[in-house]
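Report on one structure; see the data block that follows.
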Amino acid sequence: MSIVNRLSRIWRNIIHRRQVEDDLNAELQAYVDLAAHRHAASGMNPEDALRAARRDAGGMESVKEAVRDARSGSLLESVVRDFRFGARLLARNPGFTTAALLMLAVGIGANTAIFSVLHALVLRDLPYSEPDRIVVIHEKRSLEGALRNPVSAPDFLDWREQSTSFENLAAMTNIEVTWQSEGGAERIPAALVTPELLDVYGVRPAIGTGFRSDVSTRPSAILTHGFWQRRFGADPSVLGRSMTIAGTSIEITGILPPGFEYPERDVELFLPLTWRSRESLDRASHDYRVAGRLKKGVSLGAASAEMDGITARLEKQHAVSKGHGANIVPLSNELLGPIKMPLFVLQAAAALVLLVACGSLANLLLARMLARERELSIRLAIGAGRGHLLRQLLCESILLGLAGGTLGVVLAFTVVPLFRYLAPTATPIVGATRIGVDSTVLAVALALSVLCALVFGLFPRYVGSESDGKRDSRERRIVRACMLS
Amino acid sequence: MLRKTSLLQGTLDLLILKALVSGPRHGLAIAERVRQMTNDAFQVGPGSLFPALHRMEEAGWLASEWGESENKRKAKYYKLTKAGSRQLNSETEQWDRISLAINRALKTT
């Protein structure tokens, strides 16, 4: 049979199912009538003829079933029918269905919500170019046990001069500046950064060129995307215009792309960090954070070894640097270290909760199965195949799982924006704006729903297949008969 | 529900096609004719007959039509299509080949 023929057959069998069924019923009824007619005609008395006809008619249900199975698209039609039947059954038991849906919604919703955070922050790469090469360098004071001290300007400059492991090194610090806007003077958070910072992160301004090369004599400012949208109406003509910062007129030379959130989320603009005279800098004044990009092929260990050598030299040269070393930390550790483990633990806890929910659901379903023994044994008696019965029960479970999962996702949708809002702006939780129920998270939620459905749908089967051996209680027998295919 | 082996199903198809060579018949008449042709060896019940008829109709070998039967009621009549005729020929050939081969195999010592 050609594909077209087959498809049109399937179409007819499913869409015009009622006509097809009526047609079959009429055909079989005619068969029975004719059989009775022939029995009567061959000399049987009318009663026997009727009895014979009834006997023939008795098997008609299984005949219909056999014909349906032989039809094209019968599997598809059967599965669709199973789903509809399952849906009706669930609707007829509102108490059970509500309880089950609630359990699933909470379980799947919690997992989805936590996973969306995990996915946005931990499982994806940091939103920078080649993020595994970006490191943060702290000052290490082993004698005092401090590992994350800020760095002084002279040290930074010496490191930058003497090290060969890094493509670039940059220093930064946070300040608040007074901005004289049309609306008056206001204090806005800004970051003072050495010009290489953008290269360390591999970020180019979306509009404009970045800091000018003569930045020490003519300072320029780079705006963050959010600041530009909020306060300048995303107007590209601000490039080249000047802002009055701390009484000085500073030209705007760049707008950063959206999504670049460093060092903190509330930094509005970047101003150039320069030092006029090196001699006037105080090595004891530790004000800056340092970040760098490792050269290709240079490992963290090699860079650390080199830095140890440099700091040892500096220790000898400057009394004030006694006991100061360098601690190189990969950026992901720096930003995510403290939250990785708690997040994983949270996810595991949510998964356990879901498992428990599935366990109780499986129990509920098993109890319901026992209540339905009469219905199921009748259906077995009139010829429903065991495999078919099992498939039907599975359809019901899948419906429950998907419905519960959908509710759970809806729940997650309401909760997740809250997470995003609550992520503190002071600590650099980079990627927090990425937290959302996106396609990956939805796919995971879907998979979870189906998995749950299979777990609590098949669990009664597993239970039923273990037989006592000695004494089969009536219930066990029925359950086994229904569950085993 | 007994699952028919493919050999038996093929045989049933062959017999049904043959039964319709002499003209259209309704289900009961087809079963009756098969019984007649095989000298009571094959008594096809409705559980095997109707699935086969519907399957063969979907395959395009039979065409069905409602008509009046001997008890003045409507019944569904099946007739052989051109494709069905061709199928009958090819299945007959195949059957000949198979039975020849099996006979030969059974005769060897």
- Query: Quick one: is A:Ile328 open to solvent by less than 70 Å² (accessible area, probe 1.4 Å) and either small (Gly, Ala, Ser) or assigned to a helix (DSSP H, G or I) (or both)?
  - Reply: no
- Among the residues of the range B:44-59, is any out of contact with any Leu (no Cβ under 8 Å at 6 or more places or on another chain) and of a type in the set (Phe, Trp, Tyr)? no
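Taking the conditions exactly as written (more than 10 Å from every other protein chain (Cβ to nearest Cβ), modelled with pLDDT under 90 and not in a loop (DSSP other than H, G, I, E, B)), does B:Leu8 satisfy them or not? Can you show your working first?
Numbers: more than 10 Å from every other protein chain (Cβ to nearest Cβ): yes; modelled with pLDDT under 90: yes; not in a loop (DSSP other than H, G, I, E, B): yes.
For B:Leu8, the condition - more than 10 Å from every other protein chain (Cβ to nearest Cβ), modelled with pLDDT under 90 and not in a loop (DSSP other than H, G, I, E, B) - is met.
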- Query: Which residue, of A:Leu102, A:Leu123, is open to solvent by 40 Å² or more (accessible area, probe 1.4 Å) and modelled with pLDDT of 90 or more?
  - Reply: A:Leu102
- When residues of the range A:402-452 are filtered for being modelled with pLDDT of 85 or more and not aliphatic (A, V, I, L, M), how many remain? 6
- Message: Can you report the number of residues in the range B:79-109 which are assigned to a helix (DSSP H, G or I) and under 19 Å from the mean Cα position of the chain (by Cα)?
- Response: 18
- Mind checking which pairs have a first residue in the range A:19-38 that is within 13 Å of B:Tyr77 (Cβ to Cβ) and within 7 Å of chain B (Cβ to nearest Cβ) and a second that is acidic (Asp, Glu) and surrounded by 15 or more Cβ atoms within 10 Å (Cβ to Cβ), Cβ under 8 Å, 6 or more apart or different chains? A:Tyr31/A:Asp56
- Pairs, first more than 14 Å from B:Leu12 (Cα to Cα) and among the basic types (Lys, Arg) in the range B:79-95, second open to solvent by 40 Å² or more (accessible area, probe 1.4 Å) and not in a helix (DSSP H, G or I), C-beta under 6 Å, six or more apart: B:Lys79/B:Pro24
- Message: Return the residues of the range A:366-386 that are in a helix (DSSP H, G or I), under 30 Å from A:Val63 (Cα atoms), open to solvent by 40 Å² or more (accessible area, probe 1.4 Å) and of a type outside the set (Asp, Glu); say none if nothing qualifies.
- Response: A:Leu370, A:Ala371, A:Arg374, A:Ser377, A:Ile378, A:Arg379, A:Leu380, A:Ala381, A:Arg386
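Considering only residues that are without any contact (Cβ under 8 Å) to a residue 12 or more places away in the chain and assigned to a strand (DSSP E or B), look in the range B:68-78 and name the one that is nearest to the other protein chains (Cβ to nearest Cβ).
To start, the set of residues in the range B:68-78 that are without any contact (Cβ under 8 Å) to a residue 12 or more places away in the chain comprises B:68, B:70-74.
The next check asks that each one be assigned to a strand (DSSP E or B); those that pass are B:68, B:74.
Details: B:Glu68: 10, B:Lys74: 6 Å.
Out of the qualifying residues, it is B:Lys74.
Just one of A:Leu169, A:Leu192 is assigned to a strand (DSSP E or B), in contact with a strand residue (DSSP E or B) (Cβ under 8 Å, 6 or more places away or on another chain) and either open to solvent by 20 Å² or more (accessible area, probe 1.4 Å) or at pLDDT below 85 (or both); which is it? Break it down stepwise before answering.
Details: A:Leu169 fails: either open to solvent by 20 Å² or more (accessible area, probe 1.4 Å) or at pLDDT below 85 (or both).
Exactly one residue qualifies, and that residue is A:Leu192.
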- Collect the residues in the range B:35-50 that are at the interface with chain A (Cβ under 8 Å from one of its Cβ atoms) and more than 11 Å from the chain's Cα centre (by Cα), keeping them in residue-number order. B:Gly45, B:Pro46, B:Gly47
- Note on the structure: Apart from one, (1) of a type outside the set (Gly, Ala, Ser); (2) within 35 Å of the chain's Cα centre (by Cα); (3) within 20 Å of A:Tyr288 (Cβ to Cβ) all hold for A:Val122; the odd one out is (3)
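Which of the following residues is within 14 Å of another protein chain (Cβ to nearest Cβ), part of a strand (DSSP E or B) and open to solvent by 20 Å² or more (accessible area, probe 1.4 Å): B:Glu32, B:Glu65, B:Glu57? Show your work before the answer.
Values: B:Glu32 fails: part of a strand (DSSP E or B); B:Glu57 fails: part of a strand (DSSP E or B).
Sole residue among the options that is within 14 Å of another protein chain (Cβ to nearest Cβ), part of a strand (DSSP E or B) and open to solvent by 20 Å² or more (accessible area, probe 1.4 Å): B:Glu65.
From the list A:Val353, A:Val320, A:Val345, which residue is without any contact (Cβ under 8 Å) to a residue 12 or more places away in the chain, more than 14 Å from every other protein chain (Cβ to nearest Cβ) and in a helix (DSSP H, G or I)?
Details: A:Val353 fails: without any contact (Cβ under 8 Å) to a residue 12 or more places away in the chain; A:Val320 fails: without any contact (Cβ under 8 Å) to a residue 12 or more places away in the chain.
Only one candidate qualifies: A:Val345.
Name the residue, out of B:Leu8, B:Leu106, B:Leu100, B:Leu20, that is touching a residue at least 12 places away in the same chain (Cβ under 8 Å) and either out of contact with any strand residue (DSSP E or B) (no Cβ under 6 Å at 6 or more places or on another chain) or open to solvent by less than 30 Å² (accessible area, probe 1.4 Å) (or both).
On the way: B:Leu8 fails: touching a residue at least 12 places away in the same chain (Cβ under 8 Å); B:Leu106 fails: touching a residue at least 12 places away in the same chain (Cβ under 8 Å); B:Leu100 fails: touching a residue at least 12 places away in the same chain (Cβ under 8 Å).
Going through B:Leu8, B:Leu106, B:Leu100, B:Leu20 in turn, just one is touching a residue at least 12 places away in the same chain (Cβ under 8 Å) and either out of contact with any strand residue (DSSP E or B) (no Cβ under 6 Å at 6 or more places or on another chain) or open to solvent by less than 30 Å² (accessible area, probe 1.4 Å) (or both): B:Leu20.
Return the residue satisfying two criteria in turn: it lies in the range A:8-18 and is away from chain B (no Cβ under 12 Å) and in a helix (DSSP H, G or I), and of such residues it is surrounded by the most Cβ atoms within 10 Å (Cβ to Cβ). Steps first, please.
Initial filter on the range A:8-18 (away from chain B (no Cβ under 12 Å)): A:11, A:14-18.
Add one more test, that the residue is in a helix (DSSP H, G or I), and what stays is A:11, A:14-15, A:17-18.
Numbers: A:Trp11: 12, A:Ile14: 17, A:Ile15: 11, A:Arg17: 15, A:Arg18: 8.
So, considering only residues that are away from chain B (no Cβ under 12 Å) and in a helix (DSSP H, G or I), the one surrounded by the most Cβ atoms within 10 Å (Cβ to Cβ) is A:Ile14.
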- Message: If I ask for residues that are farther than 21 Å from A:Ile435 by Cβ and open to solvent by less than 60 Å² (accessible area, probe 1.4 Å), which ones from the range A:126-144 would you list?
- Response: A:Ser129, A:Arg133, A:Ile134, A:Val135, A:Val136, A:Ile137, A:His138, A:Glu139, A:Lys140, A:Arg141
- Among (1) open to solvent by less than 30 Å² (accessible area, probe 1.4 Å); (2) among the hydrophobic types (A, V, I, L, M, F, W, C); (3) part of a helix (DSSP H, G or I), where does B:Val44 come up short? (3)
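Would you say A:Leu198 is in a strand (DSSP E or B), open to solvent by 10 Å² or more (accessible area, probe 1.4 Å) and not β-branched (Val, Ile, Thr)? Let's see the steps before the verdict.
On the way: in a strand (DSSP E or B): no; open to solvent by 10 Å² or more (accessible area, probe 1.4 Å): yes; not β-branched (Val, Ile, Thr): yes.
In short, no.
The values are calculated or read from the model by the stated rules, or taken from the named source; none is laboratory data. Treat the numbers as computed from the prediction; the structure is a model and nothing was measured. Positions of Cβ are backbone-derived with ideal geometry, glycine not excepted, and every protein chain shown enters the neighbour counts. To get the accessible areas, we keep the full protein, side chains included, count just its heavy atoms, and leave off ligands, DNA and RNA. Shrake-Rupley method; radii C 1.70, N 1.55, O 1.52, S 1.80 Å.
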